[in-house]
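Participant: Sharing a structure, written as structure tokens. Questions coming.
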Amino acid sequence: MAISTSLLSLSCFLLPIVLSLVNVYAKENYYYNTKTPVLNEIDSCWRTKTNWASNRKALANCAIGFGKDAIGGKYGAIYIVTDSSDDPENPKQGTLRYGAIQTKPLWIIFQRDMVIALKNELIMNSYKTIDGRGVKVEIGNGPCITIQGVSHVIIHGIRIHDCKPSKAGLVRSTPDHVGHRQGSDGDAISIFASSNIWIDHCFLASCSDGLIDIIHASTAITISNNYFTQHDKVMLLGHNDGYTADKVMKVTIVFNRFASGLTERMPRVRFGYAHVANNKYDEWKMYAIGGSSNPTILSEGNFFIAPNDHNAKQITKRESKGNWKSWKWRSSKDAFSNGAYFIPSGYGSCAPNYTPSQSFVAVPAYMVPAITLNAGPLSCYVGRAC
């Protein structure tokens with residue numbers, strides 16, 4: 001009788017564990033081994049459609065978060081890049097720069113695969129989409145993209161890497177204006193005093209400065225489905241600790257893959273608000289999410305894998321003089337692996353104040369490896385779903 005009682009007690013103890021393991025296996029078996037990709041909310045809006053190539057502008061309806069209203073060139077003509085050359089002062093028709101500086105809305109696509117080595121920073125004008133679907137487009141080994149003082153820009157499906165600082169010189173920003181630029185810092189994408197911006201399904205790596213910088217009161221921005229790798233200071237939100245105008249900044253960072261070889265700033269935030277949701281973090285060398293000057297950060301449903309370095313397990317880093325405990329930094333429904341841990345702070349709600357159209361529900365963290373599996377540029381073929 002004593003043995004039977006012991007076995008019964010042991011079975012009652014083990015049953016929940018066994019059921020939990022079965023549940024985990026079932027989830028992993030479904031989300032990793034299914035032949036059908038598990039799509040996130042943005043991708044499910046357009047990737048299953050076989051007519052994406054003839055209905056490219058439907059992509060503009062698919063953003064979520066603070067950059068939801070970015071329409072890019074939705075109401076403009078299709079402009080086809082046929083020439084990979086670059087002339088910063090007098091760009092030729094058919095080049096990327098010629099399309100990017102036009103004052104009218106344009107949806108910019110590419111005739112074929114191409115590598116574009118810009119001779120100076122590419123200055124974007126408002127109401128532009130750069131759409132790399134269906135081809136392989138690389139921008140690198142020179143200055144890269146500047147989004148300054150404009151609105152409604154979408155950049156999708158572009159590989160941006162090895163960006164270098166530019167020298168001072170003349171750069172055309174509209175068909176009617178050539179200005180003297182002081183030189184860019186070597187960012188992959190610099191967003192300066194701009195709004196309604198959406199960066200989606202891009203590959204970003206190995207640049208001289210940041211991969212994405214969002215500064216000078218830029219706001220209404222979504223960074224989604226991108227693949228970041230091999231870089232030090234990944235993403236900066238906020239100009240400096242004295243630039244209080246960045247309090248208006250609202251950024252959604254969602255469905256991205258922060259892959260190997262990254263050191264810090266995924267993101268680093270000043271003053272503004274960042275909703276960091278459903279991203280996969282494959283280790284980091286210093287920290288993942290940081291900030292200064294009392295930003296508000298909600299980390300929701302992310303999948304964090306800490307590095308093996310026992311000195312770098314902490315996800316968060318605050319740069320302050322000891323007053324950070326009132327800052328609203330929260331972790332909600334995140335998954336932590338290999339000893340990763342998040343230090344929260346502050347009181348009261350820090351939920352994103354989304355409009356109904358911007359709002360979305362973060363998926364459970366265990367789904368994040370599956371829904372970020374296709375982060376970065378996609379292989380899209382005409383007549384097939386991407």
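Nothing in this text is a laboratory measurement; each read-out follows from the coordinates by a stated rule. Since we're looking at a predicted model, the values are computed, not measured. Ideal geometry is used to build each Cβ from the backbone, glycine not excepted, and the neighbour counts take in all protein chains shown.
Participant: What number comes out for the charge environment of D209, summing +1 per Lys or Arg and -1 per Asp or Glu over other residues with Cβ under 14 Å away?
Facilitator: It works out to a net charge of -3.
Participant: Next up: Treat region 306-386 as a sphere of radius equal to its Kirkwood radius over Cα pairs and apply Stokes-Einstein at 10 °C in a medium of 1.306 mPa s; give the translational diffusion coefficient in µm²/s, rounded to a whole number.
Facilitator: In µm²/s, the coefficient rounds to 96.
Participant: For region 91-167, just the Cα atoms, rotate onto the principal axes and tell me the three extents in Å, largest first.
Facilitator: Dimensions of region 91-167 along the principal axes of its Cα atoms: 31, 29, 22 Å.
Participant: Oh, and also: Quick check on region 138-209: what does the Kirkwood estimate of hydrodynamic radius come out to from the alpha carbon pairs, in Å?
Facilitator: The Cα-based Kirkwood calculation yields 12.9 Å.
Participant: For the pairs K280/K333; K136/K167; K119/K164, flag any whose C-alpha to C-alpha distance is greater than 20 Å.
Facilitator: The pairs that break the limit, which is 20 Å between Cα atoms, are K136/K167.
Participant: Hey, how many Å between the Cα centroid of region 82-144 and the Cα centroid of region 203-240?
Facilitator: 20
Participant: Before anything else, pin down the relative contact order of region 51-371: Cα pairs under 8 Å, at least 6 apart, normalised by residue count, whole percent.
Facilitator: 12
Participant: Right, another one. Angle, helix 2-33 long axis vs. longest principal axis of the chain, Cα atoms, 0 to 90°, nearest 10?
Facilitator: The two axes meet at around 10 degrees.
Participant: Among 376-386, 286-296, how do they line up from the highest to the lowest mean number of other beta-carbon atoms within 10 Å?
Facilitator: Averaged packing, sorted descending, gives the order 286-296, 376-386.
Participant: Take every Cα-Cα pair in region 51-371 and report what % of them are more than 23 Å apart.
Facilitator: Counting pairs separated by more than 23 Å, the tail of P(r) holds 55 percent.
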